[in-house]
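Here the structure is laid out as C-alpha cells; the discussion comes afterwards.
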Amino acid sequence: MRIIARRHGCPFCVTEALLDRTLLAGGRGFDKADLGELHDNVPGGGEDHPLACQIMGSEPTEMAASAIKAIEQRTRSDKAYRMMAYREGTIAQANMSPHVSEHAASFDPAKGINGGIEEEWGAGVSGGGGVSGESGVEEEADTEGELSDGFAHKAFPPHPAAASSLSFQVIDVNLACPVKKIEKKSRGGHWLTDPSGAIKILEAVRDAVPSHIPCTVKLRRSFDDTPEMVQNFHAIFETCSKIGYAWTTVHARTVEQKYMGPSRWDFLRDLRARHPDTIIFGSGDIWNVEDIFLMIAYAGMSGVSVARGCIGNPWIFRQAREMMAGKPPSNPTIAEQRAVLGEHFRLSLACTRRFRQPEQATAMMMRKFAIRFAAHHPDGETVRKKFIAVTSTAQWRAVLDEHYANA
Ligand SMILES: Cc1cc2nc3c(=O)[nH]c(=O)nc-3n(C[C@H](O)[C@H](O)[C@H](O)COP(=O)(O)O)c2cc1C
C-alpha cells in the first residue's frame, strides 16, 4: 500500500506501529521493520523512502534499543540489542554505521513536507541488500567491562554488512494506539494517562537515537475529555519540542473514542494558536482530497496525515498535488483503476510468497482494499461482491477483465 501511495505522489510514509518487544525478539519478530530482503518489504526496497519506523511499547530501554535496532537494520546480533534493552541504565547514542548517517542525514523534513522528496528519493534510489541477524559480535557484546559506559559506543561497533542496506529516516514514537493495556502496563495512547512515564520513553528514545536522525511522535488529542487528561496531552506535547522531537502528529480523537465519532479539528486549531512555530501534522477525518486542504485552512496544520482516506484511493495524493498546482483534482479513469488493482495485487503477492497458499492469502489481504477500490467503479456494488469472492490471481484477473475491460 505504501508503494502504491508513493507512486501516486505520497511524499512520506510511516510504518504501522511495531511493538518494541517484537522488534527485540529474535527470529521473525523484526520482519516488518527489515528493509532488506525479507518477504514483507520486498516490493519496497529503495522506493519506500523516506520512511519512519513507528515504535510502540512500555519500557523506555526496550523502546530505545528497538529504535536503534530498526535504524541499524539489525547489524548487530539480536542478543546484542536485547542486552541493550535489559541492562541497567540508559542507552547512549548509538555509534551508527556509515550508511545510516548518509541516508538519514540527507533527509530534510522541511524539504520533504514541501514536496521536494522525489529529487532525492525518486527512482534513482536503489535499495535492498539483506543484512544478517547473526553478525558475530555476540562474544564482543558479552565482554564485561566494555559495557560500563554508554552502551553502544564501545561494546558494539557497527557491522560492515550495514553498508549494503537502506535504513529508516525517522523514528516515530506511538503514543496514540487505543488497543488495551498489557499486563497492567501502558503503551500507545494509554501513556496519555501517565505523562511522566510517557516522557521517560520519549527521552530514552531521543537520547539513544543519533541526533541527526529525527524523532517524532504520534499523539491522540487526549485520553478522554476530562480536564486532567487534556492537561496531560499538553504536558507531553510541550515536552516533545523541548527535548528535540522534530514534529508531532496529532490524531484529534481521544483514545476512548478509538476510531469513532468526529475528529475535533477545533482542538487542532487551538493547538496551532498556542504553538504557532511548532511543526504539527493533523490526523482524523481525512476522507477525500478536499479534507486535506480544509484541515490546513481551518486548523493551520503544517501537514496532514492521510489514513483511512487513502485505502483503495491512492489518487488522493495525485489529486492533492493537482490542487497544489492550482488544477482541479482528477478522478481515476477505469484504465487507471485497472492498472492499480493489478499492481497492488502483484505487490501484495510478493509479500505473501512465503505463505503456504500465497494467492489465497493475497486475495484475503486485498479484500479490504478492493471494497474501497470498488467505490470508484460505476457498478461498484457488483464489483465489490466479485472481489470479495476471489481466491486466486486468475480470479482477480477475471474480475478485471470483466469489469475493467472497457478501458
Ligand atoms: C485499522 C487502523 C490501524 C491503524 N494503525 C495505526 C498505526 O499503527 N499507527 C498510527 O500512527 N496510526 C494508526 N492508525 C490511525 C491513523 O493513522 C489515523 O490517525 C486515524 O485513522 C485517524 O485518521 P482518519 O480518520 O483520517 O482515518 C490506524 C487506524 C486504523 C483505522
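The values are calculated or read from the model by the stated rules, or taken from the named source; none is laboratory data. Given the structure is predicted, the values throughout are model-derived calculations rather than measurements. Here the Cβ positions follow ideal geometry from the backbone for every residue, glycine too, while neighbour counts run over all protein chains shown. With ligands, DNA and RNA removed, areas are computed over all heavy atoms of the protein, side chains included. Shrake-Rupley method; radii C 1.70, N 1.55, O 1.52, S 1.80 Å.
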Candidate set from the stretch 277-287 (those that are near the ligand (Cβ under 10 Å from one of its atoms) and open to solvent by 20 Å² or more (accessible area, probe 1.4 Å)); member that is farthest from PHE233 (Cα to Cα): TRP287
Check on ILE371, within 15 Å of the ligand (Cβ to nearest atom) and surrounded by 16 or more Cβ atoms within 10 Å (Cβ to Cβ): yes
Of the criteria (1) within 16 Å of the ligand (Cβ to nearest atom); (2) touching a residue at least 24 places away in the same chain (Cβ under 8 Å); (3) touching a strand residue (DSSP E or B) at 6+ places or on another chain (Cβ under 9 Å); (4) not aromatic (Phe, Trp, Tyr), which one ILE296 fails: (2)
ALA299, sole failed condition from (1) open to solvent by less than 10 Å² (accessible area, probe 1.4 Å); (2) under 22 Å from the mean Cα position of the chain (by Cα): (2)
Residues of the stretch 1-28 that turn out to be part of a helix (DSSP H, G or I), away from the ligand (no atom under 14 Å from the Cβ) and closer than 19 Å to MET84 by Cα, as a count: 3
Selected residue (criterion: nearest to the ligand (Cβ to nearest atom)) from residues of the stretch 228-254 that are over 17 Å from HIS275 (Cα atoms) and either out of contact with any strand residue (DSSP E or B) (no Cβ under 9 Å at 6 or more places or on another chain) or not aliphatic (A, V, I, L, M) (or both): ARG253
Conditions (1) more than 16 Å from the ligand (Cβ to nearest atom); (2) open to solvent by 50 Å² or more (accessible area, probe 1.4 Å); (3) touching a helix residue (DSSP H, G or I) at 6+ places or on another chain (Cβ under 8 Å): number failed by VAL179: (1)
Single residue of the stretch 203-227 satisfying the filter (hydrophobic (A, V, I, L, M, F, W, C) and within 16 Å of the ligand (Cβ to nearest atom)) that is most open to solvent (accessible area, probe 1.4 Å): PHE223
Any hit, the stretch 255-263, residues being away from the ligand (no atom under 12 Å from the Cβ) and closer than 18 Å to SER302 by Cβ: no
So ILE311, is it within 16 Å of the ligand (Cβ to nearest atom), within 26 Å of MET260 (Cα to Cα), open to solvent by 30 Å² or more (accessible area, probe 1.4 Å) and modelled with pLDDT of 95 or more: yes
Members of the stretch 370-396 found to be closer than 17 Å to ASN313 by Cα and part of a loop (DSSP other than H, G, I, E, B), listed by number: ALA375, HIS376, HIS377, PRO378, ASP379
Residue that is modelled with the lowest pLDDT, among those in the stretch 233-253 that are open to solvent by 20 Å² or more (accessible area, probe 1.4 Å) and in a helix (DSSP H, G or I): SER241
